[in-house]
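A short worksheet on the structure shown next.
Read the figures in this text as sums done on the coordinates, not as results from a lab. Quick caveat, the model's predicted, so the values are computed rather than measured. We place every Cβ from the backbone using ideal geometry, glycine too, and count neighbours over all the protein chains shown.
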Amino acid sequence: MAETLVLIPGLANTSSLYEAQIRALSADWQIMVADHTQDDSLAGIATRLLADAPERFALAGLSMGGYVAMEVLRQAPERIERLALLNTSARPDGDQAREDRLRMIALAEAGRFEDVIARLWPRLVSERGQTDPALKERILSMMRAVGPEAYIRQQKAILGRPDSRPLLPGIEIPTLVLVGDEDAVTPPDIAREMAEAIEWASLVVVPGAGHLSTLERPKEVSHALRIWLEQSRRGI
């Protein structure tokens, strides 16, 4: 059982993304939330995380956090006890996705961060979640807390990410791949692709959840994380 769980939030997310999971798991594991706001490259974010983390730890990242987690795995695979990839993808951006990110960066640089927030929000939750005003306010508050400058750095980091699919077959630690069944950003097919490529992976599809599954279905995600954290290192 890993003593420390390092959590990496997603794009324009704060530690509030994992509030329910921290509450559910902190009695049994030491939990650290990585700072992914200071650097404009995945390599820089991963280096900062590794400097702050203990020698060995479990690692979980959602969306952008998953991109960072895979970079941490590249830099220091011997330090990671187990890996959780939540609502994320191993694929690089296609041309359309890159263009969309560049447009969002341009809006933020032009002082139109509220327009960025308004465009992002509907894609982050399920259809039902879009009718939940409390959930909307929570997500918008996170984005505003991150702010435009850090958001721009994060988007630049994501733009520079490599194709991580070649990395997956070499992962030989207990790995959780989790996705919401209504995730419009990194849909279940993307999660299945990752799980099928990782020998030690288990796939969890969370009903009624969109991209920010930790907020929409906190109990289900916390349960999946607990099972993963308690999983023995089979044969290793």
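Of note:
- Each residue of segment 4-19 is assigned a 3J(HN,Hα), and the resulting list reads 10, 10, 9, 10, 10, x, x, 4, 6, 10, 10, 4, 4, 4, 10, 4 Hz, derived from the Karplus form 6.51 cos²θ - 1.76 cosθ + 1.60 (θ = phi - 60°), x at Gly and Pro.
- The residues Ile105, Ile8, when put in order of fewest to most other Cβ atoms within 10 Å, stand as Ile105, Ile8.
- A run of the chain free of exposed loop cleavage sites, with GluC sites (Glu not before Pro) counted only in DSSP states other than H, G, I, E and B and at most 16 other beta carbons within 10 Å, reaches its longest extent at 56-126.
- Extension gain, Arg165 to Ala76, is 30.3 nm, computed as 0.36 nm per intervening residue step minus the present C-alpha separation.
- Residues Lys219, Lys136, sorted so that the one with the fewest Cβ neighbours within 10 Å comes first: Lys219, Lys136
- Normalised contact order of the chain, rounded percent, pairs of Cα under 8 Å and 6 or more residues apart: 25 percent
- Between Pro174, Pro122, Pro166, the residue with the greatest mean-square fluctuation in the GNM of the chain (Cα pairs under 10 Å linked by springs) is Pro166.
- GNM top mover of Thr88, Thr37, Thr131 - the chain, alpha-carbon springs below 10 Å: Thr131
- Whether segment 105-217 is rounded, prolate or oblate, judged on the alpha carbon gyration tensor where a/c under 1.5 counts as rounded: oblate
- Between Arg226 and Leu102, the modelled labels are 4.7 nm apart [label points 7 Å from Cα along Cα→Cβ].
- Fraction of alpha-carbon pairs over 20 Å apart in segment 6-80 - percent: 23 percent
- Based on the Kirkwood approach, the hydrodynamic radius assigned to the chain is 17.6 Å, with every pair of different Cα atoms included.
- Put in order of Cβ neighbour count within 10 Å, fewest first, the listed residues Leu86, Leu107 become Leu107, Leu86.
- Out of every Cα-Cα pair that segment 115-166 contains, those further apart than 17 angstrom amount to 47 percent.
- Applying the Karplus relation 6.51 cos²θ - 1.76 cosθ + 1.60 with θ = phi - 60° to segment 166-173 yields 3J(HN,Hα) values of x, 6, 5, x, x, 7, 10, 10 Hz, where x marks Gly and Pro.
- Rounded to whole numbers, the Karplus 3J(HN,Hα) couplings from phi for segment 34-41 are 6, 8, 10, 10, 9, 10, 10, 9 Hz, using 6.51 cos²θ - 1.76 cosθ + 1.60 with θ = phi - 60°, and x at Gly and Pro.
- Note on segment 39-56 and segment 182-236: Cα centroid distance 23 Å, given to the nearest whole angstrom.
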